Amino acid sequence: MNASPSSLRLVYRPDNAARGEVTVMVTTEGFSGQGSAWFDRTEIEDFIAQLESCVTADDPMPALAGGFFAASRLIDEHVGLRILPHDTVGRPRVRVHVATIVPSGSGADLRQELTASFVTTAADVARFREALTAVLAGQGREAVLEGRR
């Protein structure tokens, strides 16, 4: 399977031992976008565990989403990553949603957002998981998930 021009780059900047900012950059077939949100470290660790199980199981599909919350509910997503089944061969599809933070009172029409999807492989998801584990441990700068045709 050939590499495609699609990719996801994730950077984690810790604020303290329990929390940090995740910035996601996605590029796919002529589109690109970037978003960031704050996450508890345990949320990212849970996502890493989900990534491990998605290579061998259909459920649960890995998801990481952050932004503004109200009453423990996500009401304004700034970063959303989902790994979904793509075909009967078992290839995964990556769906990425990124959005800008619009200051209160500025108007929703100033919001920039992008939802992009691309196909990858289980091996690429495993490499991304390993890279994300290293990033979270402070042993890497970014985790990259490449798309495949």
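Coordinate-derived values only; no laboratory data. Since we're looking at a predicted model, the values are computed, not measured. Because the Cβ atoms are built from the backbone with ideal geometry, glycine has one as well, and the counts that use them run over all protein chains shown.
Express in nm, to one decimal, how much length is gained between Asp87 and Phe68 on full extension, taking 0.36 nm for each residue of separation and deducting their alpha carbon distance.
Values: separation 19, 0.36 × 19 = 6.84 nm, distance 3.30 nm.
Gain in length upon complete extension: 3.5 nm.
Given axes a ≥ b ≥ c from the Cα gyration tensor, I'd like to know whether region 66-149 is rounded (a/c under 1.5), prolate (a/b larger than b/c) or oblate. Intermediate results must be reported in sequence, preceding the final value.
Numbers: a/c = 2.39, a/b = 1.61, b/c = 1.48.
Prolate is the answer for region 66-149, as a/c is 1.5 or above and a/b outweighs b/c.
Karplus couplings for region 115-128 from phi (6.51 cos²θ - 1.76 cosθ + 1.60, θ = phi - 60°), rounded to Hz, Gly and Pro as x?
Running phi through 6.51 cos²θ - 1.76 cosθ + 1.60 with θ = phi - 60° gives 10, 10, 10, 8, 8, 9, 10, 4, 5, 5, 4, 5, 5, 4 Hz.
Under the 0.36 nm per residue contour assumption, what length would be gained going from the current alpha-carbon distance of Asp40 and Ala17 to full extension?
Values: separation 23, 0.36 × 23 = 8.28 nm, distance 0.92 nm.
The span from Asp40 to Ala17 would gain 7.4 nm if fully extended.
Among Asp124, Asp46, rank each residue by its count of other Cβ atoms within 10 Å, from fewest to most, as a rough exposure measure. Walk me through the numbers on the way to the answer.
Numbers: Asp124 21, Asp46 15.
By the 10 Å Cβ count, ascending, the order reads Asp46, Asp124.
Can you put Ser53, Ser72, Ser106 in order of Cβ neighbours within 10 angstrom, beginning with the fewest? Provide the component values of the computation, followed by the final result.
Values: Ser53 13, Ser72 5, Ser106 10.
With the fewest neighbours first, Ser53, Ser72, Ser106 line up as Ser72, Ser106, Ser53.
Would any residue of region 96-129 have its amide N under 15 Å from a label point 7 Å out along Cα→Cβ of Arg149? List them or say none.
Hits in region 96-129 for Arg149 at 15 Å: 119-120.
What distance in nm lies between label points placed 7 Å from Cα along the C-beta direction at Glu29 and Ala123?
2.4 nm
Would you grab the residues whose amide H sits under 5 Å from the one on His86? Only those 5+ places off in sequence or on another chain, please, with H modelled 1.01 Å from N.
Arg91, Arg93
Put a dot 7 Å past each Cα toward the Cβ at Glu52 and Ser104; how far apart are the dots in nm?
It works out to 4.1 nm between the two label points.
Given H placed on each backbone N at 1.01 Å, which residues far from Gly140 in sequence or on other chains put an amide H within less than 5 Å of it?
HN-HN under 5 Å from Gly140: Val135.
Using Cβ counts within 10 Å as a stand-in for footprinting exposure, how do Val24, Val89 rank, fewest first?
Numbers: Val24 23, Val89 6.
With the sparsest Cβ surroundings first, the list reads Val89, Val24.
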